[in-house]
Amino acid sequence: MPLSKLSPQWQRLKVVLGFALVVVVLYLAVPRRNRFHYEFQEGKEWTYSTLRAPFDYPLYKPEAEYKRQKEHLEQSVERIFLHDTIVVHTVLPFLLSNVREIALVAPAPARKTVQADSIGRTSPPTRHRKGYRRELSQLLDYVYRVGVLSEADLLALAPKTTFAVLRAQVLYPTETQEVFTPATASAFIRQNLLEHPQTAWISERLPAQDLAKLLRPNLQYDSALNAKVLSDRLRQLSRTDGLVPSGEKIIGNGDVVTRESYLKLVSLRRVMQTRSRRGFWSWVTEAGYFLLLAMAYALYYTYLRIAYPKVFLPEHDRKVLFLMLLSGIMILTGFLVLEFSPMGLYIIPLAIVPLLLRTFYDAQLAFITSFLIISIIGFFAPDSYRYAVVMSFGAATAVLFVKNTYRRGRLLQLVVLILIAYLLSYGTIATLQESSWRSISLATIGFLGLNALLTLATYQLMAPIEKLFGFISNMTLMELCDSNQPLLRMLAEEAPGTFQHSMGVASLAEAATVELGGNSLLARTGALYHDIGKTNHPEYFTENQAHGMSPHDTLGYLESARIIIAHVTEGAEIARKHRLPKQIIDFMLTHHGTSQTKFFYIKYKEEHPNEPDMREAFTYPGPRPFTMEQAVMMMADACEAASRSLKIINPDSLRELIDKIIDGQMEDGQFNDANITFKDITTIKRIFLEKLLNAHHSRIAYPEDPDR
């Protein structure tokens, strides 16, 4: 047995099981972060009961203070350079080689001078060579024991003038003026060479810049060692500034949140959000998560049962599934975003929910569903109050200002309004909470802007949602109202009288539905297509017949009634073949309800007074109208057609005709299934009278032109 044929109890059970499945899926996706269930601002009053420390916890330094201490530490840590003892042994051979070359290429007078200075003491070539080699070796050894620092490293140290040198695993604090650079080392060596007669010629002939190039730095900056030292020092920098003992009073009811209590509250919130629950309290927390979701959806289900009972009918299975999926997907998206980037919650375009529900249902359901989603996500949001207020303003704007969504320009205007609502509410709440403009985050404003842009996707989502879940939007209705639609073109060409009748019915139905606050576009579209079945046999309907000619004259009353009645079911078949929405097909099936083709029925009874009651053969299959728009269209159809048979058209005759037709339909119970009141019917009669008088207006007779 198909599910749609089962009992109402089973139908309700299906829906309950569907909502239960949504609850289970959401429970599994709940962000497992502990929450701090208090909202507070420094300088504001504490409105909760007295709060005491539930356990010992560290008092964290303010982030700005910790950052300031960290920056100071990074600046105060001295840079470390390694003292390389090998460099001197590689520099000395190069330096001696350069000196020998200078001695070989030096001019003759100079060489003689050197030899003359040496006469009487030693043999010139050898002893001079040994003397300057020993002197250079001693000078280089001294320079490299002190240390040579590159010009680039010296500039990198600025404005500092101190650093540390690691010599034989011992750190020595050093001033920059205590070490050499290649330039200062070159100057030092040349000066000392000048002071000794046997080496002065080297200083005179070896340019300072050439000597500086030969002197390689032996104080090397070790980035890995410096990073390790800085890391060790930063680890020693404490993030806390004491301990709050268990049981200590943090703040009392009505107290102002001072700087001290604010820091304690912030620290407690931080600890609780990172602290994992174990044992009994872990089970309590999990049960709380599940109960929260179960209660929220139980209330939502109860609301739907009371306010929208028809949603639970078997033929509306897909529509209630849509409500489950829409709310579930939005909440699930919020949970996933919370796991990775809590601030990303402001990107989720929750305004899509009220826009879709306002289009496919009404404002009431849009409000309730949006409230459900915002409440659940907001419970887990880091700043739940701020998030809930901002999103609620956006959702309310969407519900209150959405109209004519079949116009893309209007949707863009609505998105701009939603963005303004977001920004105003966020800016106001942020400023009031922190008492400073600085609390407004540019990143959050950017997220809200992206949120508004994503809301534009509503337009693209409507078409697939209509197809999947059986809805119909104003955009689709506008497309169907186009007289160039294939079915309407066929109706105009094959049954022109019926087409004109349908246009008149559409005008009446639309005007009355506007007055009643219903979906006037749906009523108009349904009226345009309601008689599409007459295209199969247009000649059998009065509005398409030439004067005095009727094919019914050659048929029996039963056959004539069958042909007339068949236009209802045949119209539905044509509509299904052309894939018209079910809502339009319902107008075709209900526009005669379960009434009779009275003309043929009365004629048949007159000719066969003694035969059994054949009322069923002359009765339309129905169903009766079950929406206000269908009921209005049924009245409009009958009144528009009957008004064309009046010989005298004036307010009294039209009023009498309208009252007779609509009262007869009421007595026949045709409106028993529609949500329409006596007051509505009175309004409909008034609108019909006004519109029919306008349609059947008289014109003045133009006099003959005497000049012709």
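The values are calculated or read from the model by the stated rules, or taken from the named source; none is laboratory data. Just so you know, these numbers come straight off a predicted model, no measurement behind them. Cβ placement follows ideal geometry from the backbone for every residue including glycine, while neighbour counts extend to all protein chains displayed.
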### Query
Restricting attention to segment 323-337, does a residue exist that is over 16 Å from the mean Cα position of the chain (by Cα), surrounded by 22 or more Cβ atoms within 10 Å (Cβ to Cβ) and in a helix (DSSP H, G or I)?
yes
### Query
Quick one: is Arg216 surrounded by fewer than 19 Cβ atoms within 10 Å (Cβ to Cβ) and either of a type in the set (Asp, Glu) or not assigned by TED's automatic domain parsing to the domain that holds Val143 (or both)?
no
### Summary
All-but-one check, Leu28 against (1) surrounded by 13 or more Cβ atoms within 10 Å (Cβ to Cβ); (2) modelled with pLDDT of 85 or more; (3) not β-branched (Val, Ile, Thr), failing number (1)
### Query
Within segment 473-527, which helices (runs of 4 or more DSSP H) (wholly inside it) include 2 or more residues that are in contact (Cβ under 8 Å) with a residue 12 or more places away in the chain, touching an Asp or Glu at 6+ places or on another chain (Cβ under 8 Å) and of a type in the set (A, V, I, L, M, F, W, C)?
486-494, 496-516
### Query
Does Ala452 count as modelled with pLDDT of 95 or more, part of a helix (DSSP H, G or I) and crowded, with 18+ Cβ neighbours inside 10 Å?
no
### Query
Which members of segment 177-222 meet the condition of being touching a helix residue (DSSP H, G or I) at 6+ places or on another chain (Cβ under 6 Å), closer than 12 Å to Val148 by Cβ and among the hydroxyl-bearing types (Ser, Thr, Tyr)?
Thr181, Ser186
### Summary
Counting only residues in segment 588-626 that are without any contact (Cβ under 8 Å) to a residue 40 or more places away in the chain and part of a loop (DSSP other than H, G, I, E, B), the one surrounded by the most Cβ atoms within 10 Å (Cβ to Cβ) is identified as Thr597
#### Entry: Conditions (1) at pLDDT below 90; (2) within 58 Å of the chain's Cα centre (by Cα); (3) within 25 Å of Asp673 (Cα to Cα); (4) not aromatic (Phe, Trp, Tyr); number of the one not met by Arg615
(2)
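Conditions (1) within 21 Å of Thr683 (Cα to Cα); (2) modelled with pLDDT of 95 or more; (3) in contact with a Phe, Trp or Tyr (Cβ under 8 Å, 6 or more places away or on another chain); (4) acidic (Asp, Glu), marked per residue:
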position	(1), (2), (3), (4)
Lys582	no, no, no, no
Ser595	no, no, yes, no
Tyr601	no, no, yes, no
Pro609	no, no, no, no
Met633	yes, yes, yes, no
Ile648	no, no, no, no
### Message
For the structure I just gave you, tell me whether Ala636 is closer than 18 Å to Thr542 by Cα, under 52 Å from the mean Cα position of the chain (by Cα) and surrounded by fewer than 20 Cβ atoms within 10 Å (Cβ to Cβ).
### Response
no
### Task
Go through segment 175-242 and tell me which helices (runs of 4 or more DSSP H), entirely inside it, have 1 or more residues that are under 30 Å from Pro62 (Cβ atoms), modelled with pLDDT under 80 and of a type outside the set (Val, Ile, Thr).
223-236
### Query
What residue, of Arg111, Arg79, is modelled with pLDDT of 85 or more, in the same structural domain as Gln220 (by TED's automatic domain parsing) and farther than 30 Å from Ser261 by Cα?
Arg79
### Message
Regarding segment 399-414, can at least one residue be identified that is aromatic (Phe, Trp, Tyr), in a helix (DSSP H, G or I) and surrounded by 21 or more Cβ atoms within 10 Å (Cβ to Cβ)?
### Response
no
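Of the residues Pro54, Pro58, only one is part of a loop (DSSP other than H, G, I, E, B), touching a residue at least 24 places away in the same chain (Cβ under 8 Å) and not aromatic (Phe, Trp, Tyr); which?
Exactly one of Pro54, Pro58 is part of a loop (DSSP other than H, G, I, E, B), touching a residue at least 24 places away in the same chain (Cβ under 8 Å) and not aromatic (Phe, Trp, Tyr), namely Pro54.
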### Message
Against the condition surrounded by 18 or more Cβ atoms within 10 Å (Cβ to Cβ), under 28 Å from Val632 (Cβ atoms) and among the β-branched types (Val, Ile, Thr), how does Ile585 come out, does it pass?
### Response
yes
